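Q: Pasting a structure here, questions to come.
Please treat every number below as a calculation from the coordinates, not as lab data. Please read all numbers here as calculations on a predicted model, not as lab measurements. Heads up, the Cβs are rebuilt from the backbone with ideal geometry, glycines too, and the neighbour counts pull from every protein chain shown.
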């Protein structure tokens, strides 16, 4: 008798149903991880924001993509919220010694991703191929797809002037007041074939918009014409999870940015932001309505704050159940407004 | 009363006398370190082989330049013979995990040099400017000058085919039999202005050829037309230290390569190799003459094996004293043959 040993995730089985998640960094990756835990292997397709990508020390850094890969690959630092677990910082110490810029923290292990990615891009391979390669190396039984293989870069106009996203986010610690957000190159960018294939797949059961920053993480994804169109045309339910809980963002500057853009930080304004695009919005239990919406949207409440691994799995189940409940109901009626560059 | 505190090496003092050393990696760097210890601050100018430089993972690696900078900067690993002391290897582990090439060992601290150098070059700054920058950061009171800012690459023709130097040296561990050595791009390369300025400086007291591999470390330097000419035209003594001791190379493949090229590995053949270029050769105490030379050369013996830091200092003193003793004597008569591509 012989035993056939197959390596996890094993030979690809066709899934009955697939799910697409649109995702930014930390908060989004947590829900993606929850979905990953409850769905069949191969069912989850995560389309990840790359407008935060930037060149640093001539290395190509993809913060959100790496966060998703580390999180689903079981390598993310749970406490710090970004980067790899059990990280060390000897490179950064040596870099400081020779006068290199150290405002962006590059861990010794994390650096392997940046160096190898830069090398792949240098040799003309697309970012999506690198993401797929790393996902396989990390034994991730899900598709991790950057929103585009083209260059799209978030710039923010602030009271301190125009600056690239990472300068605003890391160097300036989100302190300058935002007046406008721009996604340079978005209009000309194309999504990778795998993203469109997933969004047009007849097995598509739900599109989930993760609780990432709508303005800085989800809008860039939707600013890619092919993706926004495919989401609008999908016949399955589209469900978002509110990144705002009791008027605050769980992590990051969502609420602060909303206020600066003249928008009241509440789930209602998240609903308005995604108006025409989503069929359902999942909000935190006990979050009260602060206004009336003059458009139809299914809103459901549940504990949506994710502190533990179990919270992620539970929210994944909740959001999928919610999406299933919307299946076959009248679809959202209106086309959404185009993604706008917010100007105050 | 006020005190003026100046940072070592302090304001540059004009030196009465300067010395130029031509140098490869480990063995050469040891003597450069010995010279550095005994000469006045600012007196030593080290011209370093860069034909071993190569692109690895799209990073620009300069093995010999870094060895010299680490050695004179007090950061070299004394036991391993290359790289930095107290090095760690977490980057390399993470790189292996994502399927990157790991045959060339990149330490976490060492990597800072490669990343920052690649960034400088990417922005159009010359390699010599980077070397000068790092030397200053490491408080090295000597000029560390790459032999050229242009691309020169050593290729070796072996019984296993043509291969770039690092593949031969690191990946193949010098095992294939060498049939020829080529310095691609050498004919068109120019030396940095600082190298020529030092070699033409009226204060120049000696040119020292370090005990590096003549074929793989020193010949590339001499293959740069401007440098070879300046050495030939210098009026000061030119002294070499034999890399062969009792028929063997201290470290590395010098003796093996000599044999493969049909040259008997002895100091006499080192003398013949540098014929017309050098005035004096320092050999190991007790190394007997194995043949007659039909050209004039001052040969002196001393303990030239460097095991300790004190050995380096002592050899530095010996070689400078030897060079001083040759001052004013009749200069080498013949022009050297052109640097040849050795073919067997």
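Q: Based only on the alpha carbon positions, what is the Kirkwood hydrodynamic radius of the stretch A:1-159, in angstrom?
A: Working: mean 1/r = 0.0592 Å⁻¹.
Kirkwood radius, the stretch A:1-159: 16.9 Å.
Q: Tell me the Kirkwood radius of the stretch A:189-277: reciprocal of the mean inverse pair distance over distinct alpha-carbon atoms, in Å.
A: When all Cα pairs of the stretch A:189-277 are included, the Kirkwood radius is 13.9 Å.
Q: Counting alpha carbon pairs within less than 8 Å and at least 6 residues apart, what relative contact order, in whole percent, applies to the stretch A:185-329?
A: Relative contact order of the stretch A:185-329: 22 percent.
Q: Considering only B:207, B:263, B:227, give the residue with the highest GNM mean-square fluctuation for chain B, with springs between Cα atoms whenever their separation is below 10 Å.
A: Most flexible of the set in this elastic network: B:263.
Q: How far is it, in nm, from the label point at residue A:101 to the one at residue A:321 when both lie 7 Å from their Cα along the line to the Cβ?
A: Inter-label distance under the simple model: 4.8 nm.
Q: Mind jotting down a quarter of the surface of the convex hull over the alpha carbons of the stretch A:107-176, in square nanometres, one decimal?
A: Average of the hull's projected areas for the stretch A:107-176 equals 6.1 nm².
Q: Moving on to the next point. Antiparallel DSSP bridges in the stretch A:18-326: what percent, to the nearest 5?
A: On the way: 16 of 41 bridges.
Percentage antiparallel, nearest 5: 40.
Q: On average over all directions, what projected area in square nanometres does chain A have, based on the convex hull of its Cα atoms?
A: Averaging across all directions leaves 19.2 nm² for the Cα convex hull.
Q: Over the alpha carbons of the stretch B:226-267, what is the largest minus smallest coordinate on each principal axis, giving the biggest first in Å?
A: 33, 18, 16
Q: Right, next: Please identify, among A:216, A:22, A:326, the residue showing maximal mean-square fluctuation in a Gaussian network model of chain A using a 10 angstrom Cα cutoff.
A: In this elastic network of chain A, the residue with the biggest mean-square fluctuation among A:216, A:22, A:326 is A:326.
Q: Taking the Cβ of each residue in B:59, B:309 as the centre, tally the other Cβ atoms inside 10 Å and list the residues starting with the fewest. Don't skip to the answer; put the middle values down first.
A: Working: B:59 22, B:309 13.
Ascending Cβ contact count within 10 Å gives the list B:309, B:59.
Q: Taking just the alpha-carbon atoms of the stretch A:116-241, what radius of gyration and Dmax come out, in angstrom?
A: Cα-based Rg and Dmax for the stretch A:116-241 come out at 16.3, 48 Å.
Q: Still on this structure, I have one more. Mind telling me which of A:86, A:175, A:324 comes out most flexible in a GNM of chain A, alpha-carbon contacts under 10 Å?
A: A:86
Q: From Cα pairs below 8 angstrom and at least 6 apart in sequence, can you work out the relative contact order of chain B, rounded to a whole percent?
A: 19 percent.
Q: Something else: Based only on other Cβ atoms within 10 Å, what is the fewest-to-most ordering of A:218, B:244?
A: B:244, A:218
Q: Considering only DSSP beta bridges whose two residues both sit in the protein assembly as shown, what percent are antiparallel, to the nearest 5?
A: Values: 33 of 83 bridges.
So the antiparallel bridges in the protein assembly as shown amount to around 40 percent.
Q: Something else about it: Taking the Cα atoms of the protein assembly as shown, what is the range of coordinates along each of the three principal axes, in descending order and whole Å?
A: 101, 87, 39
Q: Here's something else I'd like to know. Just the ratio, please: alpha-carbon radius of gyration of the stretch B:229-297 over 2.2 N^0.38 Å, N its number of residues.
A: Normalised Rg, Cα atoms only: 1.14.
Q: Simple spin-label model, 7 Å along Cα-to-Cβ: residue B:139 to residue A:232 in nm?
A: Computed distance between label sites residue B:139 and residue A:232 equals 6.5 nm.
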